[in-house]
2 protein chains.
Amino acid sequence: MSKALTRRIKELEEEWGKLRSELKERSQAGEDSELTSNPSTHENTDSKPDVNTSSCKKGKKVAKERPFDFSAHPRRHVALRLAYLGWSYQGFAVQDNTDNTVEARLFEALLKTRLIQDRQSSNYHRCGRTDKGVSAFSQVITIDLRSTQFCGGLGISVPEHVDVSIKNKATGSEVPYVKMLNRVLPQDIRILDWSPAAEGFSARFDCKSRTYRYYFPRGSLDVTLMAEAAKRYEGTHDFRNLCKMDVGNGVLQFERTILSASVKPVQPQDISSTGPYDVFIFEIKGLAFLYHQVRCMMALLLLIGQKLEDPELIDKLMDVQSNPRKPQYSMAVDYPLVLHDCHFQGLAWEQDIEEVSHVLSELHQHWTQSTVRSHVLHGMIQGLEAAGGVSSNACCLVEGSKQRNYRPLLERPCCESLESRINHFVKRGRLEREEGENGGETVHRGKKSKHSHSSPSLPVSSEMSSPKQSTDEKAED
Amino acid sequence: MSKALTRRIKELEEEWGKLRSELKERSQAGEDSELTSNPSTHENTDSKPDVNTSSCKKGKKVAKERPFDFSAHPRRHVALRLAYLGWSYQGFAVQDNTDNTVEARLFEALLKTRLIQDRQSSNYHRCGRTDKGVSAFSQVITIDLRSTQFCGGLGISVPEHVDVSIKNKATGSEVPYVKMLNRVLPQDIRILDWSPAAEGFSARFDCKSRTYRYYFPRGSLDVTLMAEAAKRYEGTHDFRNLCKMDVGNGVLQFERTILSASVKPVQPQDISSTGPYDVFIFEIKGLAFLYHQVRCMMALLLLIGQKLEDPELIDKLMDVQSNPRKPQYSMAVDYPLVLHDCHFQGLAWEQDIEEVSHVLSELHQHWTQSTVRSHVLHGMIQGLEAAGGVSSNACCLVEGSKQRNYRPLLERPCCESLESRINHFVKRGRLEREEGENGGETVHRGKKSKHSHSSPSLPVSSEMSSPKQSTDEKAED
């Protein structure tokens, strides 16, 4: 009997051993593949390298190996101007649910170059968030960076008790911020220039205006009608029906001022032409923008350009008295949107022409590739059209699938009203109602939401008075 | 004692159970991720689908499950016209070292749709090989496909002893080859149309001429000079210094006839303009082309356009008496090259307008993406140039890295001569020397090289007489 049992034990122990080693093999074989596998499997395997944070980890590791004494260096408050191609990123701002953001790459570079000790202490502000897939030619951030200027200067804070010898060694020239960062940043993120900034100057709160561009081909769109319609956006309006209401992050005020809105061809001569392959730009300049505002504005222009809606629709949607709730519609796709410019006062950009030229030739190569590809495709299209192919020329810049028969916007079901959204978040304790001094009611930010901004969150008012346009928790993405 | 043993057994059995289920979980979780894991792990795990051959395997598997009786169906000799974007493929023709070819995807589709039983028996010929990264708007193949035409017709062979009942059931309309294949092909490979073909008609041997296009931006190139230089290619010349000599595959004859060669703007109006961002086409039509011929021809034009070489260089290199050996130079990059057209006689293309329009709208979407991206990049370039950036505008269409100081082509080291290459392969038994009837010497294909073509390899002559231009083992890629 006991013999039989012992044998059974032997068998089981062998079985057990086999499975163990097989398991081990699997998890090793799976290692790189798991980077793309469902997150659930990630928790178990700590050994596995994470494609996104690796270089960041490296940066930190190096720092551990030979500790760097930040306190021995002056700090300088500066503004950096970034350009990036957002097509392969999950957006600009760091997020909880992904590491694949432009900001994540940026801070990896800042840490690796020891220009900052950590994000928390870096006094960091960004001008605008850009959403997944959105690019920027002129994103601006303000931050405190390590400096060489022991003798002071704009934005410089010199550490106390630094012995004279070092002070005397102090070189005239500042750290080559642009070169240094571009050497470690991914090729699709480039620092263009930097400027010293006065203490307290904020890329977010001191930004005077922001300009976005949305590129699109004419196709069968009536661009003249679109240009005319775009003008209706100019001025100060309530855009709650032309954005994603971000009440949960304390955005309760939807009045925004648009300084200019235009639809124009990328090349001037295209005004005369009527070719469906001409490319146009919807360019919009405003003090500040709401979450998804530009892509909603563009979506309406596309409907108008297709003659599916009248230009009057824009005025109707901005009249929140008559239309307090946003009708359901899909916004325009992300990849043609670019944060093209941000306007500031009191910055003196220092440009390294050599570096700019380097960036230029990189852009040229990238441009050549996509341009050649677009013409290869165009050649095929022309070939098929010549062969009698009927091109629908349908606009493919709106999210979601096309409906067979179009339903007018104002006849569609509507989203929740602002008030019911506010109530929702007040109930959940993320917003707090208060009696305002002038009898009006104010709603304050309650518990800080996990998605909210790193910068101090000011109370925002649900009254139409005192619009704080540049203090949104979320700018346009 | 036995009690203890029993307990131990219980423990082990539990352990064993746990591991089993864990293993099961892992392999499920790993399944899709393993698609991207390193091939080494593939051998062990048969359960896992292979990203490249999956549909092919599936096809076969299905076929096993319910055997398909090909002998009960007529076969039809047809020509198919394909368009594909070659950018993400390792070339058109199937290769030993990779499965990522257009042909591999094509045969997966032909098997899956049961239009053929296997490649070997399909009487398959292709018009031209295109190399890694090269696209085609008009690649033509000939092949025998399953047909519905029991009552015969051009290219039809009806199986013997098919009972009358089936014959009578025979529908009037042919199998919808184009629709059927496009439904299972990857989106970047499309069948455009098909034609019945007479028995023995070959896409390879009956092709009258081939037209290639190479797209490039003007940049700082002197396109007028390039257009002038391109004309020198016209006529019949020896191109051994403007191709990759493929002696190993029995290509020993390098005289080719170019019917036309031109450099022209993609849009007519661009002739007037001088903008560096205008796009041009080098279009060349010839009876047949050698391996890498077009990309070598383009490389010379780019040198001439940059004023690094004179147009006379072309004549000098085609004069193999004075220059029997090819000087070392890099060819032009692959992705701007397109096999734009193939000319045949005796084909009547049957086009499914609906299907063509479907392909057109797919192309439109793809075009919109690359065009918008190219203009986003152009917008950034203009911004930097306005800011004083000096763009090198250097031509980035030649392979390899740029040399600081240019070395004239005819002063560079040369490659092996044709004769020494022939000797090399004769020694290795892949070529055989023979006394030609008219005293001249002929070299025949010896052992078939593993890279060689599936189609019958004719003997090729090293004499300049009787050029067999359309029978190369390798056409241009």
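Spacing of the modelled spin labels on residue B:161 and residue A:260, each 7 Å from Cα toward Cβ, amounts to 8.5 nm. A simple charge model with +1 on the Cβ of Lys and Arg, -1 on the Cβ of Asp and Glu and nothing else charged puts the dipole of the stretch A:194-298 at about 120 debye relative to its Cα centre. Averaged over peptide A:347-360, the number of partner chain Cβ atoms lying within 10 Å of each residue's Cβ comes to 3. Rg then Dmax, both in Å and based on the Cα atoms of the stretch B:258-321: 13.5, 42.
Judged by the mean number of other Cβ atoms found within 10 Å, the most tightly packed of the peptides A:282-294, A:405-417 leads the ranking A:282-294, A:405-417.
Between residue B:119 and residue B:350, what is the FRET efficiency for a Förster distance of 25 Å, r being their Cβ-Cβ separation, to the nearest 0.05? Efficiency, rounded to the nearest 0.05: 0.60. Using the Cβ-Cβ distance between residue B:407 and residue A:100 with R0 = 45 Å, the FRET efficiency computed as 1/(1 + (r/R0)^6) comes to roughly 0.55.
Copy-to-copy label distances for residue B:312, where each label lies 7 Å from Cα along Cα-to-Cβ, are 7.5 nm in order of increasing length. For trypsin sites (Lys or Arg not before Pro), the sites in the stretch B:316-421 that DSSP calls loop and that have at most 16 other Cβ atoms within 10 Å are B:325, B:402, B:404.
Counting heavy atoms of the protein chains alone, residue A:231 has an accessible area of about 100 Å² for a 1.4 Å probe.
To the nearest 100 Å², how much accessible surface do chains A and B cover up together, summed over both, with a 1.4 Å probe?
7400
Position residue A:424: other-copy label points at 7.1 nm, ordered by increasing distance, label point 7 Å along Cα→C-beta.
For the pair residue A:307 and residue B:69, a Förster radius of 60 Å applied to the C-beta separation gives a FRET efficiency near 0.65, rounded to the nearest 0.05. If only the Cβ of Lys and Arg carry +1 and only the Cβ of Asp and Glu carry -1, the dipole of the stretch A:270-366 around its Cα centre is close to 700 debye.
3J(HN,Hα) along the stretch B:210-220: 10, 10, 10, 10, 10, 8, 7, x, 4, x, 9 Hz, from the Karplus curve 6.51 cos²θ - 1.76 cosθ + 1.60 with θ = phi - 60°, whole Hz, x for Gly and Pro. Of interest is the spacing of the C-alpha centroids, which for the stretch B:343-400 and the stretch A:207-254 amounts to 28 Å. Would you work out if the stretch A:254-367 is rounded, prolate or oblate? Take a ≥ b ≥ c from the square roots of the eigenvalues of the alpha-carbon gyration tensor; rounded if a/c is under 1.5, else prolate when a/b is larger than b/c, oblate otherwise. Since a/c reaches 1.5 but b/c is at least a/b, the shape of the stretch A:254-367 is classed as oblate. Annotation: peptides B:110-116, A:119-125, B:125-131, ranked by per-residue average of other Cβ atoms within 10 Å with the highest first, follow the order B:125-131, B:110-116, A:119-125.
The values are calculated or read from the model by the stated rules, or taken from the named source; none is laboratory data. Bear in mind the structure is a predicted one, so any value in this text is a computation, not a measurement. Neighbour counts are summed over all protein chains in view; Cβ atoms, including those assigned to glycine, are modelled from backbone coordinates with ideal geometry. Surface areas here come from the heavy atoms of the whole protein model, side chains and all, with no ligands, DNA or RNA. Shrake-Rupley method; radii C 1.70, N 1.55, O 1.52, S 1.80 Å.
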